[in-house]
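**Q** Submitted below is the structure of interest, expressed as structure tokens.
The values are calculated or read from the model by the stated rules, or taken from the named source; none is laboratory data. Every value quoted in this text rests on a predicted model; they were computed, and no experiment measured them. Here the Cβ positions follow ideal geometry from the backbone for every residue, glycine too, while neighbour counts run over all protein chains shown. The accessibility values were calculated without ligands, DNA or RNA, using every heavy atom of the protein model including side chains. Shrake-Rupley method; radii C 1.70, N 1.55, O 1.52, S 1.80 Å.
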Amino acid sequence: MPSASPFVVRKAAVLGAGVMGAQIAAHLVNANVPAVLYELPAKEGDPNGNVLKAIENLKRLEPSPLATAVRASHIQPANYAQHLEQLRECDLVIEAISERMDWKADLYRKVAPHMAEHAIFASNTSGLSINQLAQAFPEGQRRRFCGVHFFNPPRYMHLVELIPAATTDAAILDDLEKFLVTTLGKGVIRAKDTPNFIANRVGVFSMLATVHHAERLGIGFDVVDALTGTLIGRPRSATFRTADVVGLDTFAHVVNTMKETLPKDPWHRYYEVPAWLKQLIDQGALGQKTRKGVYQKIGDDIHVLDLKTRTYRLSGGKADEGVVEILRNKDVAARFEQLHASSHPQAQFLWAIYRDAFHYCAVNLAAIADNARDLDLAIRWGFGWSQGPFEIWQAAGWSRIAGWIAEDIRAGRAMTDTPLPAWAVEQGRTGVHSAQGSFAPADSTYKARSALAVYRRQPFPDRVLGEEAKYGSTVFETDGVRCWHTGDDIAIVSFKSRMHAIGDDVLDGVAQALDEAERNYMGLVIWQTEPPFSVGANLKKTPSGGARPSKPSALGRLFRQVRREAESFALKAARSVGVADQLMAGRLAEVEKLVEQFQDTTQALKFSMVPTVAAVDGLALGGGCEFIMHCDRAVATLESYIGLVEAGVGLLPAGGGCKEFAMRAAADAKGGDLSPFLQKYFKAVAMAEVGRSAEHARELGYLRATDRVVMNRFELLEIAKAEVRALAAAGYRPPLRQNAIPVAGRSAIATIRAFMENLLAGGHISVHDYLVGHKVAIVMCGGEVEGGSLVDEQWLLDLERKHFMELIATEKTQARIEHTLKTGKPLRN
């Protein structure tokens, strides 16, 4: 007998085209899942007017919820009056209407008769009871109902909470978890059906505690944000800027939900919307969406609400230098000892918010989560903390912190006199995370990770404190790279430099890894243990020293920041280690040798006798992008930001990037006119364009049609290795060296030059921008030759190197490089 058909989502529906519903639909189509988006029919004109407006609005949001603008066309508009029958075609239905139990129940009764028998129905409620909501469904359909709580913005926030009702079929949860993890790229935490589930319950309490202690100690909101952002491993938006982004009305709604549904909670008296917040909401100052909230931009200045006067003042509060020094102490135990002992109000504030978060999590763990790992990952993935509350507590010294908390409870300094649970203060406890698993209070055991088959695709999941990172067996290790394997016949090379910048030590290491792979392995994968993939070449001549890259914040890879970072790192891609030092010493011949070494390495990647695959996540700029372009395949996460950005500092790509674009234009033209195809690639290089997603990078030409885009970064390595195996199984041979590449020649150069002259005349570019663009055109058009002339790859590489060297010798490019080195910002001269 054949086994039951596996659950497959061929099409999904989203009910509700508000902020969350429309963005969930956008992320579905990002993942190539056709989506039907429902909304109430418009009262006038096109009945789909409301939903069409919501879809159009997706194109204007920043950061963009869409991988590319064209994805919006794959969202099918629908309304409840005309299109309920279309639900029968959907395998998954996600409800995302307003947080009203009665409204949701009415909608469920309306749509239930039209759903396919096999479909899963999930509510995106942020905190209403899943068991109560399930009662609105016919009894026979309740087993296929559950909660699935996405976090805003759905494309970028990793967390999805999966909440069963008492009647939910366990197999449904497993099917949905697999879909969420692999297809949508999410980190799934199974939560219990308690108010606000896990992340919002803890995260919102943490914000309420922050508000309480800020008011108690008289610390301004801007100072609070200076203290509770990146200094303590949280997002740059910190506390009150985060509230503005989320929406002050939304924050107030969640607080009121806690107040109404948690009457016996020991912290219940703190579940109140503060008077100042009520006043803002009453005034319509709801945060970012109304351009006024805790913060308000007036002209070019940011103003902040003053709690005492209830008026706005110029924002500029800073953390005390002494407190900053404490927070910079890498010894976590010593850091907490200093915070606890300090009499400075800011230090007392920080100790208090940590203490109350630890206390709250310990008391509520058993009620809201299965184990401590689930709680910590929910806060990390949902609120962008670099470590969860229990991880921080454990790193600071569990028993000592527990003693201080108990002391503050007895002294009446804590927010409640409820004692810590017995398990938290038991003799000999050193934490809640270990190599064996994480503590589960229900049975006082340590729970291992999920055994679901989908997690076999994640050889190195997002680990918590106490879990050891075991990255395979080392083949060889240098100052620049580590070459290793996971017990199979595929070699992996990972960079050791900060931000995975490419220096001569990395170039040497990649060459050695290629030699090793050709002798002993099926293929080679370039993969980093943490993002980014690579920001290009090193800015300064410093040894790698095995330094690990700094970990970006949860929202640090959004496009607005990516563009800024791309310009800051622009010169790296075309420069190997020490280029700035050599340049300042006037030793341009040394620079040229380093550029030639870079070209040799990218060519070696392209013509290796074993398949090479670049596994890309995060920033891949300049030389990092050129590595990708020369591998046989790229496997990139959706949140990969790829681009050749050298033009930003007056250079051009000289590691084979221009050469590859010239060849791609020739292939695209198929013997016809090169110019239309060349224009796209020229624009990408000359304007230093960075893809806002991996799919956008494909549109720009950095990724090829054969390259893969994956949604979950923790599956990246496994999929990259599968690409190696597929190429090898097909009898892999490297591509033939091209010696007859048609180029556009001098006529195309003249056309591009005329276009740039118009830009120059209009004041859109500077004289030096014009020079850079002209040289990019010369290289990509194959030089001053007749159109249709045939050249080989080395001809194009030589052109790259020649014009790179001519640019780097100019005073204005040198000024741009020096300015970027000193300030981290681009110079327009």
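**Q** Collect the residues in the range 32-63 that are open to solvent by less than 20 Å² (accessible area, probe 1.4 Å) and of a type in the set (A, V, I, L, M, F, W, C), keeping them in residue-number order.
**A** Those that are open to solvent by less than 20 Å² (accessible area, probe 1.4 Å) and of a type in the set (A, V, I, L, M, F, W, C): Val33, Ala35, Val36, Leu37, Val51, Ala54, Ile55, Leu58.
**Q** Next question. For a quick check of your reading: which strands (runs of 3 or more DSSP E) sit entirely within the range 93-198 and have at least 1 residues that are under 21 Å from Arg373 (Cβ atoms) and not acidic (Asp, Glu)?
**A** Numbers: elements: 120-123, 145-150, 159-164, 187-190.
By residue number, 145-150, 159-164, 187-190.
**Q** Would you tally the residues in the range 224-245 being out of contact with any Lys or Arg (no Cβ under 7 Å at 6 or more places or on another chain), part of a helix (DSSP H, G or I) and more than 17 Å from Tyr271 (Cβ to Cβ)?
**A** Initial filter on the range 224-245 (out of contact with any Lys or Arg (no Cβ under 7 Å at 6 or more places or on another chain)): 224, 227, 231-245.
Those still in the list that are part of a helix (DSSP H, G or I) too: 224, 227, 231-232, 240-245.
When the remaining residues are screened for being more than 17 Å from Tyr271 (Cβ to Cβ), the result is 224, 227, 231-232, 240-242, 244-245.
Selection size over the range 224-245: 9.
**Q** Moving to a separate point now. Of Gln814, Gln794, which residue is assigned to a helix (DSSP H, G or I), surrounded by fewer than 16 Cβ atoms within 10 Å (Cβ to Cβ) and either touching an Asp or Glu at 6+ places or on another chain (Cβ under 9 Å) or not aliphatic (A, V, I, L, M) (or both)?
**A** Only one candidate passes the filter, namely Gln794.
**Q** Right, here's the next one. Which of the residues belonging to the range 456-508 are assigned to a helix (DSSP H, G or I) and open to solvent by 30 Å² or more (accessible area, probe 1.4 Å)? Steps first, answer last, please.
**A** As a first pass, look at the range 456-508 and keep what is assigned to a helix (DSSP H, G or I): 456-457, 498-500, 504-508.
Across the range 456-508, the qualifying residues are Arg456, Arg457, Arg498, Asp504, Asp505, Asp508.
**Q** In the range 660-713, what residues are assigned to a loop (DSSP other than H, G, I, E, B) and crowded, with 20+ Cβ neighbours inside 10 Å?
**A** Going through the range 660-713, the residues assigned to a loop (DSSP other than H, G, I, E, B) turn out to be 670-674, 687-689, 691-693, 701-707, 711-712.
Selection gives Leu674, Ala688, Glu689, Gly691, Arg692, Ser693, Gly701, Tyr702, Leu703, Asp707, Met711, Asn712.
**Q** In addition: Between a first residue in the range 620-646 that is over 16 Å from Val709 (Cβ atoms) and charged (D, E, K, R) and a second residue that is open to solvent by 10 Å² or more (accessible area, probe 1.4 Å) and in a helix (DSSP H, G or I), which pairs have beta carbons less than 9 Å apart while being 6 or more apart in sequence or on different chains?
**A** Glu626/Glu660; Asp632/Lys606; Asp632/Glu723; Asp632/Leu727
**Q** Restricting to helices (runs of 4 or more DSSP H) lying wholly in the range 313-388: which have 1 or more residues that are among the aromatic types (Phe, Trp, Tyr)?
**A** Fully inside the range 313-388 and qualifying: 332-341, 345-368, 372-383.
**Q** Next question, about the same structure. Of the residues Leu84, Leu58, Leu128, which single one is touching a Pro at 6+ places or on another chain (Cβ under 6 Å) and either of a type in the set (Ser, Thr, Tyr) or more than 19 Å from Leu176 (Cα to Cα) (or both)? Walk me through it before giving the result.
**A** Working: Leu84 fails: touching a Pro at 6+ places or on another chain (Cβ under 6 Å); Leu128 fails: touching a Pro at 6+ places or on another chain (Cβ under 6 Å).
Testing whether each residue is touching a Pro at 6+ places or on another chain (Cβ under 6 Å) and either of a type in the set (Ser, Thr, Tyr) or more than 19 Å from Leu176 (Cα to Cα) (or both) leaves just Leu58.
**Q** What are the pairs, 6+ residues apart or on separate chains, where a residue within the range 356-370 that is free of Cβ contacts under 8 Å to residues at least 12 places away in the same chain has its Cβ under 8 Å from a residue that is surrounded by fewer than 24 Cβ atoms within 10 Å (Cβ to Cβ)?
**A** Filtered contacts from the range 356-370: no entries.
**Q** Please tell me if Leu327 is open to solvent by 10 Å² or more (accessible area, probe 1.4 Å), touching a helix residue (DSSP H, G or I) at 6+ places or on another chain (Cβ under 7 Å) and at pLDDT below 95. Give the steps one after another, and end with the answer.
**A** Values: open to solvent by 10 Å² or more (accessible area, probe 1.4 Å): yes; touching a helix residue (DSSP H, G or I) at 6+ places or on another chain (Cβ under 7 Å): yes; at pLDDT below 95: no.
No; evaluated as a whole, the condition is false for this residue.
**Q** Please indicate, with yes or no, whether at least one residue in the range 172-194 is among the polar types (S, T, N, Q) and either without any contact (Cβ under 8 Å) to a residue 24 or more places away in the chain or out of contact with any Asp or Glu (no Cβ under 7 Å at 6 or more places or on another chain) (or both).
**A** If we filter the range 172-194 for residues that are among the polar types (S, T, N, Q), which is where we start, we get 182-183, 194.
Subset that is either without any contact (Cβ under 8 Å) to a residue 24 or more places away in the chain or out of contact with any Asp or Glu (no Cβ under 7 Å at 6 or more places or on another chain) (or both): 183, 194.
Taking every residue of the range 172-194 in turn, at least one turns out to be among the polar types (S, T, N, Q) and either without any contact (Cβ under 8 Å) to a residue 24 or more places away in the chain or out of contact with any Asp or Glu (no Cβ under 7 Å at 6 or more places or on another chain) (or both).
**Q** Restricting to the range 732-751, give me the number of residues that are open to solvent by 20 Å² or more (accessible area, probe 1.4 Å) and more than 36 Å from the chain's Cα centre (by Cα). Lay out the reasoning, then the answer.
**A** If we filter the range 732-751 for residues that are open to solvent by 20 Å² or more (accessible area, probe 1.4 Å), which is where we start, we get 732-740, 742, 746-747, 750-751.
Within this subset, residues satisfying the condition of being more than 36 Å from the chain's Cα centre (by Cα) are 736-740, 742, 746-747, 750-751.
The number of residues fulfilling the criteria is 10.
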